[in-house]
Structures are given as structure tokens and as C-alpha cells.
Amino acid sequence: MVTGASFGAIAVSSGTPVWLVCAMSVLVFAGGSQFMVVGIVAGGGSPLAAVLAGLVLNARHLPFGLAIGDLLGTRLATRVLGSHLMVDESVAFALAQREPARARAAFWTCGAALFLTWNAGCLAGALVGQAIGDPGRFGIDAAFPAAMLALVLPALREPTTLRVAMAGAAIAVATSPFLPPGVPILLALGGLVLAGRVPAAVAR
């Protein structure tokens, strides 16, 4: 919920109306992509670059779907809803269970809880953001980077993953002063090539 509030406040301070913040959170429900799109557009990047960067970031959901497809049931309605609730955390909790029934329960419970808290946080953050103006004054803008760093750090113990992360970061930092917002993020995928192979953590 705190991360959602961070997004809501940042998006509103960047000029996004509250209704659009809420609509994006309900319809997209992908925190990383939402932050990226708002950041790119606010930084002067084109909407096309923002959408493309979001699609590339969310491409990881394709293997996610293959891994947990059986948990979504056979009815079209449940598969569509389950696909919408498919985020990193719900997939991780589901795959951590050995029994199919427990995996299914973990996926739906985690996905539904995250959907509700994320959207509640986004609405609260957007309303607060209107009042405080710059979220950086209160450190709200640091919530999402801190959460992402906490998720990434354990994976960096694996040497190949660390090489990919360092190469991607170097490419993004080196090209940021010269290219439009959003493009360096896409070019950072070159880190996968420089590392020689896709690491297991990314492939999963």
C-alpha cells in the first residue's frame, strides 16, 4: 500500500489527473510499468517510448503464465481475471507451494490482496499528492525504488545475475545524458547480451 501511495503521489505531482492514476492502477495493475510510464512521460519522453518500455518490462509475464497456467482454471472468466492478478508476488507465493490446492489458494489470495491494497494506496497517494505538491519533500518518492532494491538484492548474489544488472545499469547511465527518456531503459537490455546468457533469475 505504501508503494501504491508513492506512485499516486508521484503521478499526480507529474501532472497526471487523479482519475487517470486510478484508472491506470485498476486496468494495468503493474507497479513497475506504471512508475516507468509516468517517469518517462514526465521527463519529456514520448508516450510511444513509455508504452514500449512498459511492454518490455512486463514481458516477464509470458513465462509466468506458462508456469502457473494450470492454477487459473479452465473457464475463460477465471483465466482472464487470474491473468490480471498475475504479478511477481502472487506467482512467487504460488510456486513456493508444493500442493496444487495450496498453490491455487496462495495465488488468488495474494493477487486479490495486492490488487486491493495497491489501488487503495494509489488513490490515497494521489489525493495526498494534490495537497503536498512535491512528494520528494516527504520522501514518498523513495518508497518504490527502495522496494525494488529490496526485491533485487537477493538475486544479485548469483554472479551471472550481477553481471547482467551491472552491465544494464552501466548502459542506462552512460546513455541517459544523450538519449530521450525511456530509450536508455530499453537499451539497458543489452546487459543480457554482454553477460553472455539470460540468468536463471530472469528466465524464471
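Please treat every number below as a calculation from the coordinates, not as lab data. Since the model is a prediction, treat every value here as computed from it, not as a measurement. Ideal geometry is used to build each Cβ from the backbone, glycine not excepted, and the neighbour counts take in all protein chains shown.
Provide Trp118, Trp19, Trp108 in ascending order of the number of other Cβ atoms located within 10 Å of each residue's Cβ, fewest first.
Ascending number of Cβ neighbours within 10 Å: Trp19, Trp108, Trp118.
Arrange the following residues from fewest to most other Cβ atoms within 10 Å of their Cβ: Val26, Val173.
Sorted ascending by nearby Cβ count, the order is Val173, Val26.
Roughly how many nanometres apart are two label points built 7 Å out from the Cα toward the Cβ at Ala120 and Met1?
Label at Ala120, label at Met1, 0.4 nm between them.
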